[in-house]
Amino acid sequence: MSKTAITLIILFLILIPAQAVFFNNLVLFNVAVPLVFIYLIITLPITLNDSLSLTIGFLTGLAIDILSDTPGVNALASTILTFVRKPVFHLYVSSDIDLADQRPLPRTMGTAAFLKYAGTMTAIYCAMVFAIEAFQIFNLELFLLRVACSSVFTFVIIYAIACLTSPGREKRL
Amino acid sequence: MKEFFEFFRRYCKWVVLLFYVALSCIMLFQSDPYRHHLFLTSASTLSGAIYKVGHNVVSFFSLREVNADLNHRNAVLEAEVLNLREEINRMKLAGFTDTMPTPDSVAHFDFIVANVINNSIHHAQNYVTLDKGAIDGVKPEMGVIDHSGVVGTVSAVGPHFSRVISLLNPNFRLSCKIKNSENFGSLVWDGIDPSEALLEELPRHTVFEAGDTVVTSGFSAVFPPGLPVGVIMPDNREHKENFFTLRVKLFADFSRLSNVQIVVNNFRDELVSVETNNVVNSDPASK
């Protein structure tokens, strides 16, 4: 089993319970929800097989749904996020040749590119989750506030995790 | 056949995407919270175990034993208050006539004390997970209260854990009335503030003031009548419709739920049976 696969399994086993037990209760001002588990999806290797990526994305969302009693909400959003991962990545990085089997991290793709990539992915995910929940209760002001605050809060934590877990010399693409 | 496989190979990721999206949508649009499969809820054994570990760590810092003891005593006292209240009502009626039938027992309700091991307040549909399950006597559709007010009803029960539909869930409607008034309405959460809910369908002729207490009506087998729910908030709007919709400040602080009591109605089965007309009429005069 490759080092990347082991890292992803460890991340899954840590991030999912952490999201359920800790981050779900770390809601600021009742609007900013840190959806930190998407770090797993954001840092999936870009060259990973599409079907396998989608399966990992779906299972990650499903696990969160089971633990958070949000049936289908995170499973749907995670699957779509995994699907748009490559197009978003290529918005900021022109070629993935140098990234073979590597995870998109500040160390591998450069801090600036990672910030843009992670920021976009986080905003997309938060918008999707709160849009899906808005099918049940819709309040435009609250929706926009939640998307904005949760995106910023999640992004800050994700960047902190990325810096802490993958220190090393930065490579610019 | 070869072309089919070629087509499948080419569009494999789209097929996988559609499959997972369809699966997610099935879960998403199964709106009845009582029909969620136990395995897919926080009351499942694995989820419950994870939350139990988290709860054990957190409750260490919040004096768990002291709280549980106080809550247990509260449950006993609450049961006593309800029994005494019913006894007073019976005595009042007996004062008017000595032909009133008196029940053998007034102990309609028992309480099971439980710990909250998971709770959400920021989703569109919120749930609470408790550390008591079928083994402890918990059944679906039992009411859940804490020391300050109504919390919700049990929706899914595992052997050791149960999941509660919180009052902060639009699928949950609670029959309530204003204290000392006989007009009742329906309390439902509007998804905006976890400390407030709406009391809907209250008849226009109802007399009330801001600050009046809202209590359970008791028109169900789930909650006893008179349990506190919240207070009516000031409202300067002019009401022109036939039914009032009032904003209610909830007594229960859902962000700090810790210990709760599950309400066990001892006569629930009989009540449900009567309401669904399945009971055998044993009155000889009707034959």
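The values are calculated or read from the model by the stated rules, or taken from the named source; none is laboratory data. Keep in mind it's a predicted model, so treat the numbers as computed, not measured. With ideal geometry, Cβ positions are generated from the backbone for all residues, glycine too; neighbour counts draw on all protein chains shown. These accessible areas exclude ligands, DNA and RNA; they are computed on the full protein's heavy atoms, side chains included. Shrake-Rupley method; radii C 1.70, N 1.55, O 1.52, S 1.80 Å.
Report the longest stretch of chain A that contains none of the trypsin sites (Lys or Arg not before Pro) sitting in a DSSP loop with at most 15 other Cβ atoms within 10 Å.
Of all site-free stretches, the longest is A:1-168.
Order B:12-23, B:217-228, B:154-165 from most to least packed using the mean count of other Cβ atoms within 10 Å. Write down the numbers at each step before the final one.
Working: B:12-23: 16.1, B:217-228: 18.6, B:154-165: 24.9.
Descending packing order for the listed peptides: B:154-165, B:217-228, B:12-23.
State the answer as a single residue: which of B:Ser148, B:Leu174, B:His205 lies farthest towards the positive end of the charge dipole of region B:126-216, with beta carbon charges of +1 for Lys and Arg and -1 for Asp and Glu, about the Cα centre.
So the residue we want is B:Leu174.
Taking 29 Å as the cut-off for C-alpha to C-alpha distance, list the pairs among B:Lys92/B:Lys179; B:Lys92/B:Lys139; A:Lys3/A:Lys116; B:Lys92/B:Lys177; B:Lys139/B:Lys177; A:Lys3/B:Lys52 that go past it.
Correct reply: B:Lys92/B:Lys139; A:Lys3/B:Lys52.
For the protein assembly as shown, what does the helix formula give at 222 nm: sum of -39500 (n - 2.57) over DSSP H segments with n ≥ 4, over the residue count, nearest 500 deg cm²/dmol?
Values: 12 runs with 199 residues, N = 460.
-14500 deg cm²/dmol, from helical runs alone.
For B:Asn259, what residues show an amide H to amide H distance below 5 Å, using hydrogens built from the backbone and excluding near sequence neighbours?
Correct list: B:Val116.
How much area per residue is accessible in region A:1-99 when the probe is 1.4 Å and only protein heavy atoms are counted (Å²)? Spell out each step's value before the answer.
Working: 3700 Å² over 99 residues.
Heavy-atom accessible area per residue stands at 37 Å².
Count, for each residue of A:62-68, the Cβ atoms from other chains sitting within 10 Å of its Cβ, then give me the mean as a whole number.
Counting other chains' Cβ atoms within 10 Å and averaging over A:62-68 gives 6.
For region A:1-43, state which chymotrypsin sites (Phe, Trp or Tyr not before Pro) are in a DSSP loop and have at most 15 other beta carbons lying within 10 Å of their beta carbon.
Here the chymotrypsin sites (Phe, Trp or Tyr not before Pro) that fit, given the DSSP loop and packing criteria, are A:Phe22, A:Phe29.
Roughly to the nearest percent, how much of the accessible area of the protein assembly as shown is carbon and sulfur, given a 1.4 Å probe?
On the way: 14780 of 23550 Å².
Whole-percent figure for carbon plus sulfur exposure: 63.
In whole Å, largest first, what are the principal axis extents of the Cα atoms in the protein assembly as shown?
93, 53, 48
If you place +1 on the Cβ of every Lys and Arg and -1 on the Cβ of every Asp and Glu, how big does the dipole about the Cα centre of the protein assembly as shown come out, in debye to the nearest 20?
Around 1960 debye, computed over the protein assembly as shown.
On average over all directions, what projected area in square nanometres does chain A have, based on the convex hull of its Cα atoms?
Projected over every direction and averaged, the Cα hull of chain A covers 9.6 nm².
Within 10 Å of each Cβ in A:73-84, how many Cβ atoms from other chains are there, averaged over the peptide?
Values: counts 6, 1, 7, 8, 1, 2, 8, 4, 0, 2, 6, 0.
Mean shielding by partner chains, rounded to a whole number: 4.
Given H placed on each backbone N at 1.01 Å, which residues far from B:Arg173 in sequence or on other chains put an amide H within less than 5 Å of it?
Amide H to amide H, under 5 Å and 5 or more residues apart or across chains, B:Arg173 pairs with nothing.
Which whole number gives the average, over all residues in B:13-20, of C-beta atoms from other chains lying within 10 Å of the residue C-beta?
That works out to 6 on average.
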